[in-house]
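Participant: Below: one structure in structure tokens.
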Amino acid sequence: MVELDKKFNQNNSNTELDESLLRSLPLPIFDACKLLENQSDYEKSLQILCLSLIPWTFQYIALILSGEYLESIYEPSFEVTDSLLNMVKKPGPGKWIGFARSASTYFMDHDTTVISHEAISLLNSTLNGKNKPQVKVPENENKLDYTDALISVRNRFAHSRSFTSEKARELFQDYFQIWKAWVVIIKEIFVSRLLFRSTTGKSFQAFDNRPLDTNKLPYGQDDKVTLLWNDEKGTYLRLYPIIVTYSENSKTGTEVAFLEEIKNRYLFYLWGDNFFKLKDEFDILSKIIDAKTVKEDIVTAESLTLNTFSERIDRITNQTINDFQDALKYIPEIYLDRPSITNNLDSWIESNLPGCIISGNPGTGKTSLITNWCVKRKAKGDHVLLFEASRLNDSDIIGIIEKELNLGSPLKECLDTIQKQNISLSGDQPPHKFLIVVDAINEFTGLKNENRNRLWREVNSLISILNLYIPYLKCLVTTRSDLWNVDFPEKNSAYDMLKEKLYWGETTKGFPRITLGDLSLGETGEIYEKARKKFASMAVQNSFDQLSDKTKRTLCNPFFLRLALVTYNGMEVPNLTKSKIERQYAKERITEEKDKKTVLFTLLERMSQLRKTEITIDEFLYGETKSRFKRKKSEKEKKDLERLIYDPRPQSSYRKLIREGIIEETTSESTIQSRERIKFSQEKITDIIQSEFQRRDLNRKVKLMIFFGIYALIVYGMSIISTESSIKAFNDKIKTELSNNIPNTINSNEIYSVSAELIGGTFHTISKRYGIFLALIFFPIFGLILLLWYSVSYGARVIKNDLPSSFIKGKFTELKQKKIWYGVLPFVIIMILLYVRWMIKPENSNLSFNDAFKPFLLGTPVLIFFILIWDVILGCIIVYKRANSYQDAFSIFGQKEVIQTCFKVLPVVPFVIFMYLSSPLIANTFDINHDKNLIALRQKWISNDSIISLKDQNPELYTKMNNKYIHLTDKTMIGSFSNWWALFSKVIIWSLIVLVPVYMLLQYFAGSLLYILLKRRL
């Protein structure tokens, strides 16, 4: 049994709703309550409570408060408008209550039109009061606010519905009691009433069960569909941004949405299993909310104040932290402090060094750590400007800061002003400290696929400026350890680009920086236990002590710890490795639903096409399809994607992906007109999805190869059937001619029998050998494709190409692929012309098949060599002209590309060896001269007395039969093909042996040469 707050609910166990309060509840909330009264199934009751009653109550309160705020005549509040936008752009229980908190605080100081001040005061006391009602629930060691407890159980049920009947009964009774206790306290909020236009008449109807005096209703409001009405005061207002969708037929009124959702400049609302997208209503609402949006003025250094500067910094950081929490990058409920790192950072804050770098391997918790540290610094009075590098449009970090803070003067002039005001603060108030934090610099791409080195240089310039204001202004950046050598490939690269004396950190591993490693076993166990007990979507069944030692060590990586907790929610955690966690996570969260796969794989394709780590909804939905053959299919796919992305239902696949922290939806501005942007929440998540995408690609290739194999088998079978029919017709014709020309029936039958046996046996032997040849070709090629895929995939994991680097590489590679034909095509034409000129010479008119094609085969290495040389030269030209950093030299050249080439060539080696070794086998396959069966049949044909007599008596008929056999055993073509295959194998083998190493050497040295040239130029 829960322990309610006796200051508010004196009768702890019997808080009930009286009849008048029940009748004042909006219809869907009233219906849900009545349904619960008659429900004996506790699992069903818990579902109604968590998915209907609690959300609808929160929505209704947010609904009427939003109407009051949008109609208010008073000066708008930035905080209230921002929470309103957050609520309608990302609806959910936390967002609805968040808006209610800020709005009720606002109306404590401003008059309302319809809702009474008493109702606002009571609501505010439960949401924001110092002594707000709290409850002790069995599964939580700390007391929770009533609303936080309701949000907790709602989220718990939404993430995991696998409850026993006994647990469902316990949860329902406890939390239904909390809901009733809260509603009793805030009952005055339900005095005001919703009125809506009846679909059967022009009069208003009430959205509750209280009697309605129609004589008091407002007139002349035909354009106002939904009103908030106060009977006692006789006041009303129009509700925005709301459409109430509630059927007048109670049997069909099971789906209710009080609040519209705004996405991509449309309004969305539910109706049953469908939803509607409205543009005109959005335009109307947009004007109203814009009028409530607090516009920040551009301030110059002369007019800038310390308070303005601080408030603008805090606003940006609060939004970034909220985004991190929404994407599950930072989960404060289960976060465990890491004193060794945070104490080091605190020491840096007190030092005279303006810069600090944190590096750590993927998944070590860099974002969580610095976010939690920023929250703590804010609590101490510091002001933190937190940026996510993947969302920066370009590398000009100083310009971005000026734009985000609406500064009308250069940053340095503004900092001069702030420094003067800061150090001259009066009284015992200490000077403020300002921190600029750039998280995950390794994910930066910019709008034009800029190299990270440009951002590093700009950050270093910023830190050089901040050095003038120590110790009050500082800059912290985070990056991946495994990409440090990518950004700074040479021993002194970091020292050349960054000023070492400005940075704090350890110098044992080179350039000064703080290194973040995995969690200790103790830290891992503490987070694991907190998560399974407190976080709804991570409630695994077995304790940390029950796990194997190998699994515990695997979970010391924070990323894999979160993945395991989410993946095995409601289950026992088995023995795990990192690869097993990734595979199971992909199975449970990515490939479990077709719609999820569609969204994720399309998002990955769009990002690759646009070479961005973050794209708008329009870019996601309406990407151009290059192939003409796919355009019709693409139109259907676009409509399906629209349905998936715009579906506002909580159970939609897109909403699940956001809720599970797989993808992240953000906006660039805090305005209703701002467009949402989509990205994967973490690079490691992207890697997992990319692996699944590649696996799907492999499955398609395998299916295509199987289809091709079946097709070849069908063609082969049809050719056998056709030839069999042809031979049968030929034998029937021969039989007729033998009957007409040879009076002796016995001789005629014997000749026919021997002839049919020879021709049929020859055909069957050759058909069998063709089948063997096709198998010898198909299965090795099939195996080569599989090996090539696995080899390239493994090579990508070894090299660890991050997404931004892949985009830069893709940009250069695409340009190279488009222009490579400019050199290859003329060279091929010249080779063909030289070959034709050689062929038309008189002495070459009677060449055999092998001799005619020998120059063509011998010219293949020359062509391959030219293509490889041209590929390197063209790549150097493209990179040199288009590079924006000298690190771009290694985007398509250098050591990494040599390793990648090795992984591409590696599977080809066994295939080529097989080709070489199979040459004698292929020659033997087509060598029918040594086939014992055919030799016996031929000997029987030659030595048969009847055949000998036929040769003497009817040479014409004998010649016809003999020519058929010769046609089937065309030794010249078979021998030519065998010789050609042997020569072809040798040419390819020697070409690979000689040219591939040369190509890899050129790749390596081209990268070094380009690096030197670009370093001088840039």
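Participant: Using the scaling law 2.2 N^0.38 Å as the reference, what is the normalised Cα Rg of region 16-156?
Facilitator: Ratio of Rg to 2.2 N^0.38 Å for region 16-156: 1.11.
Participant: Taking the Cα atoms of region 364-431, report the difference between the largest and smallest coordinate on each principal axis, in whole Å and largest first.
Facilitator: 42, 30, 14
Participant: What spacing in nm lies between the two simple spin-label points modelled at Leu1009 and Lys412, each 7 Å away from Cα in the Cβ direction?
Facilitator: 4.0
Participant: Hey, what number do you get for the chain at 222 nm if only DSSP H runs of n ≥ 4 count, each worth -39500 (n - 2.57), divided across all residues, to the nearest 500?
Facilitator: -19500 deg cm²/dmol
Participant: Still on this structure, please answer the following. Give me the extension gain from Glu118 to Thr508: residue separation times 0.36 nm, minus the current Cα-Cα distance, reported in nm with one decimal.
Facilitator: Stretched fully, the Glu118-Thr508 segment lengthens by 134.0 nm.
Participant: Which peptide among 554-561, 456-463 comes first, and what is the full order, when sorted by highest mean count of other Cβ atoms within 10 Å? Could you put the intermediate results ahead of the total?
Facilitator: Working: 554-561: 22.8, 456-463: 20.5.
Highest mean packing first, the order is 554-561, 456-463.
Participant: Can you list residues whose amide H is under 5 Å from Gln134's amide H, if they're 5+ apart or on another chain and H is modeled 1.01 Å from N?
Facilitator: Asp5
Participant: How far is helix 366-379 tilted, in degrees, relative to the longest principal axis of the Cα atoms in the chain, given as a value from 0 to 90 rounded to the nearest 10?
Facilitator: Roughly 10 degrees between the two axes.
Participant: Return the lysines within reach of Lys380: Cα separation strictly under 20 angstrom, same-chain partners fewer than 8 residues apart disregarded; answer none if there are no such residues.
Facilitator: Reachable lysines: Lys433, Lys474.
Participant: Same structure, new question: Starting with the highest mean, order 302-313, 24-35 by the number of other Cβ atoms within 10 Å, averaged over the residues of each peptide.
Facilitator: 24-35, 302-313
Participant: Which of the aspartates and glutamates could be linked to Lys960 by a straight reach, that is with a Cα gap under 16 Å, when you skip same-chain ones fewer than 8 residues away?
Facilitator: The qualifying aspartates and glutamates are Asp732, Glu737, Glu757, Asp952, Asp970.
Participant: Right, something else. Using the structure shown, list the pairs from Lys6/Lys187; Lys530/Lys552; Lys292/Lys403 with a Cα-Cα distance above 19 Å, or answer none. Walk me through the numbers before you get to the answer.
Facilitator: Details: Lys6/Lys187 17 Å; Lys530/Lys552 15 Å; Lys292/Lys403 22 Å.
As for pairs spanning more than 19 Å Cα to Cα, those are Lys292/Lys403.
Participant: What is the gain in length, in nm to one decimal, between Asp283 and Lys7 on full extension, counting 0.36 nm per residue of separation less the C-alpha to C-alpha distance?
Facilitator: 94.7 nm
Participant: To continue, here is another question. Sort His383, His764 by accessible area with a 1.4 Å probe, largest first. Walk me through the intermediate numbers first.
Facilitator: On the way: His383 25, His764 100 Å².
Accessible-area ranking of His383, His764, largest first: His764, His383.
Participant: With the cut-off at 1.5 for a/c, could you classify region 829-909 from its C-alpha gyration tensor as rounded, prolate or oblate?
Facilitator: Oblate, since a/c reaches 1.5 and b/c is not below a/b.
Participant: Where the accessible area of the chain is counted over protein heavy atoms with a 1.4 Å probe, how much of it, in %, is carbon and sulfur?
Facilitator: The computed percentage sits at 55.
Participant: I'd like to know how region 711-791 sits against the 2.2 N^0.38 Å rule of thumb: what's its Cα Rg over that expected value?
Facilitator: For region 711-791, the normalised Cα radius of gyration is 1.71.
Participant: Give, as a single signed number, the net charge of other residues whose beta carbon lies under 9 Å from the beta carbon of Ile615, with Lys and Arg counted +1 and Asp and Glu -1.
Facilitator: Summing Lys/Arg as +1 and Asp/Glu as -1 gives +1.
Participant: With r defined as the distance between the Cβ atoms of Ile298 and Lys533 and R0 fixed at 51 Å, what FRET efficiency is calculated, to the nearest 0.05?
Facilitator: 0.55
Participant: Rank-order 515-524, 103-112 by packing density, defined as the average count of other C-beta atoms within 10 Å over each peptide's residues, highest first.
Facilitator: Details: 515-524: 16.8, 103-112: 18.8.
Descending packing order for the listed peptides: 103-112, 515-524.
Participant: Let me ask another. What are the ³J(HN,Hα) values, in whole Hz, obtained from phi via the Karplus relation 6.51 cos²θ - 1.76 cosθ + 1.60 with θ = phi - 60°, for each residue of region 409-423 in sequence order, with x given for Gly and Pro?
Facilitator: Residue by residue, region 409-423 yields 10, x, 4, 4, 5, 5, 5, 4, 5, 5, 4, 4, 5, 5, 7 Hz.
Participant: Whole-Hz ³J(HN,Hα) for each residue in region 478-495, computed from phi via Karplus 6.51 cos²θ - 1.76 cosθ + 1.60 with θ = phi - 60°, x for glycine and proline: what do you get?
Facilitator: So the Karplus estimates, Gly and Pro as x, are 10, 7, 7, 5, 6, 9, 4, 6, 6, 6, 10, x, 8, 4, 9, 4, 5, 5 Hz.
Participant: Which of rounded, prolate or oblate describes region 21-67 when judged by the alpha-carbon gyration tensor and an a/c cut-off of 1.5?
Facilitator: oblate
Participant: Given the Cα-Cα distance of Lys904 and Asn741 and 0.36 nm per residue of separation, how much length would full extension add, in nm?
Facilitator: Stretched fully, the Lys904-Asn741 segment lengthens by 52.0 nm.
Participant: Rounded to the nearest 5, what % of the DSSP beta bridges within the chain are antiparallel ones?
Facilitator: Taking every DSSP beta bridge within the chain, about 55 percent pair in antiparallel fashion.
Participant: Something else about it: Can you give me the Cα centroid spacing of region 558-582 and region 62-89 in angstrom?
Facilitator: The two parts, judged by their Cα centres, are 41 Å apart.
Participant: Compute the FRET efficiency between Asn749 and Ile714 as 1/(1 + (r/R0)^6), taking r as their Cβ-Cβ distance and R0 = 41 Å, and round to the nearest 0.05. Let's see the in-between values first.
Facilitator: Numbers: r = 37 Å, r/R0 = 0.90.
Step by step, r from the Cβ atoms, then E = 0.65.
Participant: Also, quick follow-up: Whenever you get a sec, line up Lys6, Lys701, Lys180, Lys448 from highest to lowest accessible area (probe 1.4 Å, protein heavy atoms).
Facilitator: Lys448, Lys6, Lys701, Lys180
Participant: Give the Cα extents of region 751-870 along the principal axes, in whole Å, largest first.
Facilitator: Principal-axis extents of the Cα atoms in region 751-870, largest first: 78, 44, 18 Å.
Participant: May I pose another question? What nm value, rounded to one decimal, do you get for the distance between Ile772 and Ser845 when each label is placed 7 Å out toward the C-beta?
Facilitator: 4.1
Participant: Send over a whole-number figure in Å² for the accessible area per residue of the chain, probe 1.4 Å.
Facilitator: Accessible area per residue, the chain: 47 Å².
Participant: Is region 670-731 rounded, prolate or oblate when judged by the Cα gyration tensor, a ≥ b ≥ c being the square roots of its eigenvalues, rounded requiring a/c under 1.5 and prolate requiring a/b larger than b/c?
Facilitator: oblate
Participant: Tell me, what is the Rg over Rh of the chain, with Rh the Kirkwood radius over Cα pairs?
Facilitator: Here the Rg-to-Rh quotient is 1.11.
Participant: Now a separate question. Kindly provide log₁₀ I(q)/I(0) values, in the same order as q = 0.23, 0.27, 0.28, 0.29 Å⁻¹, from the Debye equation applied to equal alpha-carbon scatterers of region 427-476.
Facilitator: Per q value, in the given order, log10 I(q)/I(0) is -0.88, -1.03, -1.06, -1.10.
Participant: Please find the FRET efficiency linking Asn542 to Lys233, where r is the Cβ-Cβ separation and R0 is fixed at 41 Å, and quote it to the nearest 0.05. List each step's numbers first, then the result.
Facilitator: On the way: r = 58 Å, r/R0 = 1.43.
Taking R0 as 41 Å, the efficiency between Asn542 and Lys233 is 0.10.
Participant: Compute the signed sum of charges (Lys and Arg +1, Asp and Glu -1) over the other residues within less than 11 Å, Cβ to Cβ, of Gly355. Write out the running numbers ahead of the final one.
Facilitator: Numbers: positive: Lys474, Lys499, Lys501, Arg513; negative: Glu500.
Computed value for this residue: +3.
The values are calculated or read from the model by the stated rules, or taken from the named source; none is laboratory data. Keep in mind that this is a model prediction, so the values were computed, not measured. Don't worry about glycine lacking a Cβ; one is built from the backbone with ideal geometry, like all the others, and counts go over all protein chains shown. The accessibility values were calculated without ligands, DNA or RNA, using every heavy atom of the protein model including side chains. Shrake-Rupley method; radii C 1.70, N 1.55, O 1.52, S 1.80 Å.
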